[in-house]
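J.: Have a look at this one.
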Amino acid sequence: FDSLVCTFTLCTIPNAPKACQEMFRVLKPKGLLIFAEHTVSDSSGMASIQRWLNPVWKRLSGGCHLDRDPVRLLQNAGFTVRRLQGSGRRPWNLTPIHYGRARLRKDILDSLEPQATVLDAEFLDDP
């Protein structure tokens, strides 16, 4: 894909690291990921409250995790996060939000072997 949009979903996906890896896999090398996700608080006090509330919050909000860090998840999957902006980043905010753009990390792309696309694989099987 040339671009992907991810809005307020990484908190709820049961295996968020795997979802980020899948986004890395399907995004073209020069593709762009645009995201808006709520995040764990920068304030250690509020982050503790988020962790404490998380079990009940997940049941009441369809599996949403208050204490996930979407930027770290994306970085761990191989993205470079750029143009990161925050909203509601006050210490008392229960759901601060990150808005940003991310691209595939060049060093990881350079280390990957080229893979055949589905279309290429069809032609490789043709005699």
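The values are calculated or read from the model by the stated rules, or taken from the named source; none is laboratory data. Only a predicted model underlies this, so the values are computations on that prediction, with no experimental measurement involved. Quick reminder, even Gly has a Cβ in these numbers, built from the backbone with ideal geometry, and neighbours come from all protein chains shown. Keep in mind that these areas ignore ligands, DNA and RNA; they rest on the heavy atoms of the full protein, side chains included. Shrake-Rupley method; radii C 1.70, N 1.55, O 1.52, S 1.80 Å.
J.: Go through 73, 66, 104 for me and flag whichever is modelled with pLDDT of 95 or more, buried (at least 16 other Cβ atoms within 10 Å of the Cβ) and out of contact with any Asp or Glu (no Cβ under 6 Å at 6 or more places or on another chain).
T.: Criteria check complete, one pass: 73.
J.: So which residues in the range 35-58 are among the acidic types (Asp, Glu) and within 15 Å of residue 81 (Cα to Cα), if there are any at all?
T.: From the range 35-58, those among the acidic types (Asp, Glu) are 37, 42; that's our starting set.
Residue satisfying the conditions is 37 alone.
J.: I need a count of the residues in the range 12-34 that are under 18 Å from residue 83 (Cβ atoms), in a loop (DSSP other than H, G, I, E, B) and open to solvent by 30 Å² or more (accessible area, probe 1.4 Å).
T.: The total comes to 1.
J.: Same structure, new question: Return the total of residues in the range 86-101 being open to solvent by 40 Å² or more (accessible area, probe 1.4 Å) and either charged (D, E, K, R) or farther than 11 Å from residue 35 by Cβ (or both). Give the derivation first.
T.: We begin by selecting, within the range 86-101, every residue open to solvent by 40 Å² or more (accessible area, probe 1.4 Å); these are 86-87, 89-92, 94-95, 99, 101.
Pick out the ones that are also either charged (D, E, K, R) or farther than 11 Å from residue 35 by Cβ (or both) and you get 86-87, 89-92, 94-95, 101.
Total meeting the criteria: 9.
J.: Write out, first by first residue and then by second, each pair whose Cβ atoms fall under 8 Å of each other, whose residues are 6+ apart or on separate chains, and whose first residue, in the range 54-67, is within 10 Å of residue 11 (Cβ to Cβ) while the second is open to solvent by 70 Å² or more (accessible area, probe 1.4 Å) and assigned to a loop (DSSP other than H, G, I, E, B).
T.: The qualifying pairs are 63/14.
J.: Being over 18 Å from residue 1 (Cα atoms) and touching a Phe, Trp or Tyr at 6+ places or on another chain (Cβ under 6 Å) is true for just one of 66, 73, 94. Which residue is that?
T.: 66
J.: On to the next question. Could you tell me whether any residue of the range 41-60 is among the charged types (D, E, K, R) and closer than 20 Å to residue 106 by Cα?
T.: no
J.: Say whether the condition of being free of Cβ contacts under 8 Å to residues at least 24 places away in the same chain, more than 11 Å from the chain's Cα centre (by Cα) and open to solvent by less than 40 Å² (accessible area, probe 1.4 Å) is met by at least one residue in the range 41-51.
T.: Scanning the range 41-51, I find at least one residue that is free of Cβ contacts under 8 Å to residues at least 24 places away in the same chain, more than 11 Å from the chain's Cα centre (by Cα) and open to solvent by less than 40 Å² (accessible area, probe 1.4 Å), so the answer is yes.
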